[in-house]
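Okay, structure first, notes after.
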Amino acid sequence: MAYNTSKDFRNKLLYSVFVRDYGRNGTFSDVKEDLDRIKDLGTDIIWLMPIHPIGEKGRKGSVGSPYAIKDYRAVNPDFGTMEDFVSLIDAIHSKGMKCIIDVVYNHTSPDSVLAKEHPEWFRHNEKGEPVAKVEDWYDIVDLDYSHRELWDYQIETLKYWAKYVDGFRCDVAPLLPLEFWKRAREEVEKVRPDAFWLSESVDAGFIRFLRKGGEICLSDSEIYEAFDATYDYDIFNYWKRYLTGEGALSDYLHELNRQEEIYPDNYVKMHFLENHDRLRAATMTTDISLLSHQTAFSFFEKGLAFLYNGQERCATEHPTLFETDPVDWSGYDLSALIKRMMRIKRFKIMAYGEFLAREIREGVVFASYEMPGEKLSGYFRVGSSPCVVNVPLPEGEYINEFNGEKIVIYDSSLFIGADPVIIRA
């Protein structure tokens, strides 16, 4: 873990915005108009997916992937002007939120500014042609970080944007040298001392695939030396296998608990049910009752909470990165649940307590946080119908922190119905 990472990030909510698909026109101004609603969810940090111009050469689809960047030092004119961007950032700050932008430093579009001005900074095949290490990524070409001049250019670019934004989400960060990220963090601190760094870490299979081919691919333990938070791709596939019937819930919970043991004491994991690279959660679990419990449990897990725009309205369409694909906001509204969970997420114990989760009956999770003199327990039906569970609590009345209602525990039994049950005891 970066030595100065605050555990308080575990009390926060990150909201991801795909500007192209947001609002009526897919512009910075559309996002700006919706900031009050985003803030009301409990959002602390807004992450803007890539804001830069997109390359034309090798483009996938009619508008291309925002991750095939043409110019790191400009904004996509389809989103608005630089003045529009700065106005959006100012508005985010005025509402007490922070903003991070996407950093895509592994590669550029084949017709990028850097490809034209510094072709020597790119990876080449035996024919001298710029290439990508992953065959399917044919709309981009990989940068070669053996060139220290490239380090200087990229870090100066980060420092430029750090004058406006509060940090960075770094795309496939494990594919770059760790020393680059450590130097970048050190340099950016001179401009933005409290910058937040989120790494898109990668799953075990991808790490093995790249290392087998002799490529750099950093583990979470390595990437934590420079970053404040990482994705939870180290365990996400266990969750997916549970939802698809290919694995057990207990397997996922075992890996979730191991995060308490294998990472530094101040580790921060970003827990999610969906993101722009994964299927919408509402297609993995079509039962709204179960999806509500799964969403609540995701927020209860130890770490940074996350929403991908539209998730709060149970959007089912998985937006393509290569076409304009506006978010469908007409689905079931989980906003009230999210606000309730964010009120609980603010409890100090959720950042500083010892976390443990286990399956207490099929499809039901019991999760707890403990600190000296304090305990917080949660019960979630992530794959079960309403049911009764045995609980390790004395008989009596308690308050469900989720909804403020009184609940009665008798004969060590607790009914778990439409709402999760979260108890301070």
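Applying the criteria of a DSSP loop state and at most 16 other Cβ atoms within 10 Å to the trypsin sites (Lys or Arg not before Pro) of the stretch 255-296 yields R278.
For the stretch 41-141, the set of GluC sites (Glu not before Pro) satisfying both a DSSP loop assignment and a count of at most 13 other C-beta atoms within 10 Å is given as E56, E126, E135. Dipole magnitude for the stretch 248-345: about 440 debye, using +1 per Lys or Arg Cβ and -1 per Asp or Glu Cβ, origin at the Cα centre.
Normalised by the number of residues in the stretch 364-425, the mean separation of alpha-carbon contacts (under 8 Å, six or more apart) gives a relative contact order of 37 percent. Taken per residue, the accessible surface of the chain reaches 41 Å², heavy atoms only and a 1.4 Å probe. Quick check: pseudo-label points 7 Å beyond the Cα along Cα→Cβ at K116 and I399, how many nm apart are they? Each label point lies 7 Å from its Cα, and together they span 6.3 nm. With R₀ fixed at 25 Å, the C-beta to C-beta distance from Y138 to N25 puts the FRET efficiency at about 0.25. Separation of the stretch 305-365 from the stretch 396-425 is 21 Å, based on Cα centroids.
In percent, rounded to a whole number, the relative contact order of the chain is 16, using alpha-carbon pairs under 8 Å and six or more apart. Overall, the chain carries a charge dipole of about 580 debye about its Cα centre when +1 sits on the Cβ of Lys and Arg and -1 on the Cβ of Asp and Glu, all other atoms neutral.
For the stretch 344-413, GluC sites (Glu not before Pro) are listed when DSSP marks them as loop and at most 15 other Cβ atoms sit within 10 Å of their Cβ; the list is E362, E395, E405. Using alpha carbons only, how many angstrom separate the centre of the stretch 88-154 from the centre of the stretch 1-78? So the separation of the two Cα centres works out to 16 Å.
The distance between label points at V408 and E260 comes to 3.3 nm (points 7 Å beyond Cα on the Cα→Cβ vector).
Carbon-plus-sulfur accessible fraction, the chain (probe radius 1.4 Å, protein heavy atoms only): 48%.
Counting charges near P193 (Lys, Arg +1; Asp, Glu -1) among other residues having Cβ under 14 Å from its Cβ returns a value of 0.
In this rough spin-label picture, where each label sits 7 Å from Cα along the Cβ direction, the D71-E156 distance is 1.6 nm. Once the chain from R424 to Y332 is taken as fully extended at 0.36 nm per residue, the excess over their C-alpha distance is 30.2 nm.
The reciprocal of the average 1/r between distinct C-alpha atoms defines the Kirkwood hydrodynamic radius, which for the stretch 190-299 equals 15.6 Å. Using the Cβ of R10 as centre and a radius below 14 Å, the other residues enclosed give a net charge of -1, where K and R count +1 and D and E count -1. Relative to the dominant Cα principal axis of the chain, helix 178-188 is inclined by about 90°. On full extension, the segment bounded by K7 and I360 gains 124.2 nm, given 0.36 nm per residue less the C-alpha separation. Classify the stretch 7-51 as rounded, prolate or oblate, taking a ≥ b ≥ c as the square roots of the eigenvalues of its Cα gyration tensor: rounded when a/c is under 1.5, otherwise prolate if a/b is larger than b/c and oblate if not. Here the stretch 7-51 falls in the oblate category.
Please check which bits of the stretch 64-96 a label hung off T324 would reach, taking the label as a point 7 Å along Cα-to-C-beta and the cut-off as backbone N under 20 Å. From the stretch 64-96, the list is 64-70, 75-82, 84-85. Charged neighbours of G417, selected by a Cβ distance under 12 Å, balance to -1 (K, R count +1; D, E count -1).
Calculated on the alpha-carbon coordinates, the convex hull of the stretch 55-183 measures out at 121 cubic angstrom per residue.
Taking the Cβ-Cβ separation of R208 and F415 as r and a Förster radius of 45 Å, what is the calculated FRET efficiency to the nearest 0.05?
With R0 = 45 Å, the Cβ-Cβ based efficiency is 0.50.
So what's the angle, to the nearest 10 degrees on a 0 to 90 scale, between helix 148-161 and the longest Cα principal axis of the chain? The answer is roughly 60 degrees. Normalised by residue number, the volume inside the convex hull of the Cα atoms of the stretch 128-234 is 116 Å³ per residue. For the stretch 207-222, the residues whose amide N sits under 18 Å from a probe point set 7 Å from the Cα of E126 along the beta carbon direction are 213-214. The magnitude of the dipole of the stretch 324-425, with charges of +1 and -1 set on the Cβ of Lys/Arg and Asp/Glu and taken from the Cα centre, is near 320 debye.
Each of P50, F18, I69 was placed along the dipole of the stretch 12-75 (beta-carbon charges, centred on the mean Cα), and the one lying farthest toward the positive end is I69.
Legend: distances between Cα atoms for K159/K345; K182/K302; K98/K240; pairs beyond 28 Å are K159/K345; K98/K240.
The values are calculated or read from the model by the stated rules, or taken from the named source; none is laboratory data. Since the model is a prediction, treat every value here as computed from it, not as a measurement. Cβ coordinates were reconstructed from backbone atoms using ideal geometry, including for glycine residues, and neighbour counts include every protein chain displayed. Just the protein is used for accessible areas: all its heavy atoms, side chains included, with ligands, DNA and RNA removed. Shrake-Rupley method; radii C 1.70, N 1.55, O 1.52, S 1.80 Å.
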